[in-house]
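Values quoted throughout were computed directly from the atomic coordinates according to the rules given, and no laboratory measurement underlies them. None of these values were measured; they are calculated from a predicted model. Neighbour counts run over all protein chains shown; Cβ positions are idealised from the backbone, glycine included.
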Amino acid sequence: MRHRKDLSDLSTQHIDRIIEMAWEDRTPFEAITFQFGLSERDVIDLMRREMKASSFRMWRERVQGRSTKHAKKRSDDVSRFKCSRQRHISMNKVSKRR
C-alpha cells in the first residue's frame, strides 16, 4: 500500500487553492500532485471532507472520466495546466482581470 499524504498538514489557503484547482476543468490532477504532493485519491478525500455531500456528488459527476482532468487522457494540443483566460499565478493567488 502506498503512503498517503496527511491532509491535516495543509493550510486553509492551500485547501482553498486545491479545491479551486479540482473544480477547474482544464487543471489535471497531475498539476495538483506536482504543486501540493496530493494524489488523485487524496484530492477526492479532501473534497469529500471539505464540501457538502451534494456539492461533492456534483463535483464527482463532473470530473468522472473527464479527459482534461487526467494528463494521460488529454489530447496532445493541450499542454498547459491553466485556462488560457487565466492571468499570471503568483504564490497560488490568481491576479484579477482588468
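Test of understanding: ordering SER67, SER11 by Cβ neighbours within 10 Å, fewest first, what list do you get? Could the numbers behind the result be given before it?
Details: SER67 12, SER11 8.
Neighbour counts put them in this order, fewest first: SER11, SER67.
When each of PHE34, PHE29, PHE56 is scored by the number of other beta-carbon atoms lying within 10 Å, the sequence from fewest to most is PHE34, PHE56, PHE29.
Placing a pseudo-label 7 Å from each Cα along the Cα-to-Cβ vector at ARG60 and GLU40 gives an inter-label distance of 1.5 nm.
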